1. For A64 and M84, compute 0.36 nm times the residue count separating them, minus their Cα-Cα distance, and round to one decimal in nm.
2. Where the accessible area of the chain is counted over protein heavy atoms with a 1.4 Å probe, how much of it, in %, is carbon and sulfur?
3. Between [x] -0.40, -1.24, -1.28; [y] -0.35, -1.20, -1.26; [z] -0.74, -1.15, -1.18, which matches log10 I(q)/I(0) by the Debye sum over Cα atoms at q = 0.10, 0.23, 0.24 Å⁻¹ calculated for the structure shown?
Amino acid sequence: MNTSDPNDPLSRTLAAWRVAPPPDPNFRAAAWRRIARANRDTWAAYLRAHVAGWSAAAALAVVAASWAGHAAAQAKLDADRERMVVSYLGAIDPRVMAKLRP
């Protein structure tokens, strides 16, 4: 480890340097206000402050989920309807079933 030369002007200046700020009479009160403000900032307060944005996001999620569910249900309905039609036609006309069999 390097030790600095005590005769170096920078070392002497830094060793003699002292900071003496003037005392702030409102420091303690300001510190307690900052602590109280930090305790007030909870998730509930955050959500209350941003309720419009979160409501829009929730509504968008519900709409997207509804649309996706409707599309999936419609695809299943179409597939089931196709199977029912083929089964019905096969029951009435054996030639249709003969064409459908591999």
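The values are calculated or read from the model by the stated rules, or taken from the named source; none is laboratory data. Just so it is clear, the model here is predicted, and its values are computed rather than measured. Quick note on the areas: whole protein, heavy atoms, side chains included, nothing else; ligands and nucleic acids left out. Shrake-Rupley method; radii C 1.70, N 1.55, O 1.52, S 1.80 Å.
1. On the way: separation 20, 0.36 × 20 = 7.20 nm, distance 3.02 nm.
Length difference between fully extended and current span is 4.2 nm.
2. The computed percentage sits at 66.
3. [z]
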